[in-house]
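Step one of this worksheet: look at the structure below.
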Amino acid sequence: MTISTPKPESPLTPYFPVPTKDTSKQAPKEEAPQIDAVINALKMLPHIEGGYYAETDRDPRLVPSPFPDTPSSPDFFQRQGFNPSHRNASTTIYYLITPNSPQGNFHRNRARTVHTLHRGRGRYVLIHADEEGKEKRVESFVVGLDVARGEKPQWIVEGGKYKASYLLPDVEGGEGGGEASGWLLISETVVPGFEFFDHDFLTKSGLKELVGEEKAAELDWLARE
């Protein structure tokens, strides 16, 4: 039996309108009733990467930090009670992207992240910034439940790699809006636990340095100013 796999998009292009400004500083747009019900039921908040999130678990066990004692970004948010010398053993969140907030912009964490799909479809784009070479390798794949076609219901992103995500229609070939667009809901477990101390965004200028001007022109809609 031959198993077909989704063909990579070339170039990578959005299916839904790209936010024109930093959505973390704006009031979220009104969502469809069925999506709003999910956000309210899970007590989700707008995420600075785009989309929505709710932290569901922060392991109370502390482990010595394996990371540098300086922040990944100078403008990080410091959680109350955070001690840079330790991390929680793990943390878990729900993460949601929707037609009104359809993407998570390029960011990375020092820790590894295990992603588990609950519903919907999307495309993830990874930049392997931790690998050797002047122009870093770019990888993309579809997350979804059609595993016979190569979609992933679970995926792991190691620390040091930039990742971005964007919403795809539930139905292949579907158009934005309406029931076909749906939403993408996943869980993310970070080991050791997530801290903004270990988190940074990729800017458009940084994107050019990593992947070169030609590839950056294709991906800059997923990077911050």
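The values are calculated or read from the model by the stated rules, or taken from the named source; none is laboratory data. Owing to the predicted nature of the structure, the values given are computational and were not obtained by experimental measurement. Here the Cβ positions follow ideal geometry from the backbone for every residue, glycine too, while neighbour counts run over all protein chains shown. Note: accessible area is taken over every heavy atom of the protein model, side chains too, but ligands, DNA and RNA are not part of it. Shrake-Rupley method; radii C 1.70, N 1.55, O 1.52, S 1.80 Å.
Considering ARG119, ARG137, ARG87, the condition of being open to solvent by 10 Å² or more (accessible area, probe 1.4 Å), more than 28 Å from ALA37 (Cβ to Cβ) and of a type in the set (D, E, K, R) is satisfied by ARG137 alone. Across the range 90-116, the qualifying residues are those that are of a type in the set (Lys, Arg) and surrounded by 18 or more Cβ atoms within 10 Å (Cβ to Cβ), and the one among them that is farthest from GLY206 (Cα to Cα) is ARG110. Please work out if GLY104 is touching a residue at least 60 places away in the same chain (Cβ under 8 Å) and on the phi > 0 side of the Ramachandran plot. Here the answer is no, as GLY104 does not meet what is asked. Please tell me if GLU139 is of a type outside the set (Gly, Ala, Ser) and at pLDDT below 95. The answer is no for GLU139.
The requirement of being in contact with a helix residue (DSSP H, G or I) (Cβ under 8 Å, 6 or more places away or on another chain), hydroxyl-bearing (Ser, Thr, Tyr), assigned to a strand (DSSP E or B) and open to solvent by less than 10 Å² (accessible area, probe 1.4 Å) is fulfilled nowhere in the range 150-163; no residue meets it. Pairs are defined by a Cβ separation below 8 Å, a sequence spacing of at least 6 or placement on different chains, a first member in the range 73-89 that is in a loop (DSSP other than H, G, I, E, B), and a second member that is open to solvent by 70 Å² or more (accessible area, probe 1.4 Å) and at pLDDT 90 or above; the pairs so defined are PRO84/ASP69; SER85/PRO64; SER85/ASP69; ALA89/ARG61; ALA89/LEU62.
Quick check on the range 120-133. Is at least one of its residues of a type in the set (Val, Ile, Thr), in contact with a Ser or Thr (Cβ under 7 Å, 6 or more places away or on another chain) and in contact (Cβ under 8 Å) with a residue 24 or more places away in the chain? Yes, the range 120-133 contains at least one residue that is of a type in the set (Val, Ile, Thr), in contact with a Ser or Thr (Cβ under 7 Å, 6 or more places away or on another chain) and in contact (Cβ under 8 Å) with a residue 24 or more places away in the chain.
Residue by residue, here is whether (1) modelled with pLDDT of 95 or more; (2) part of a strand (DSSP E or B); (3) more than 21 Å from the chain's Cα centre (by Cα) holds:
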| site | (1), (2), (3) |
| --- | --- |
| ILE3 | no, no, yes |
| SER10 | no, no, no |
| VAL18 | no, no, no |
| GLU30 | no, no, yes |
| LYS43 | yes, no, no |
| THR56 | yes, yes, no |
| PRO60 | yes, no, yes |
| VAL63 | yes, yes, yes |
| ILE97 | yes, yes, no |
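Inside the range 36-86, residues that are farther than 22 Å from LEU222 by Cβ and of a type in the set (A, V, I, L, M, F, W, C) make up a count of 10. Would you say THR23 is of a type outside the set (A, V, I, L, M, F, W, C) and at pLDDT below 90? So THR23 passes the test.
Out of GLU151, GLU135, GLU131, GLU158, one residue alone is out of contact with any Phe, Trp or Tyr (no Cβ under 7 Å at 6 or more places or on another chain) and more than 21 Å from VAL114 (Cα to Cα). It is GLU135.
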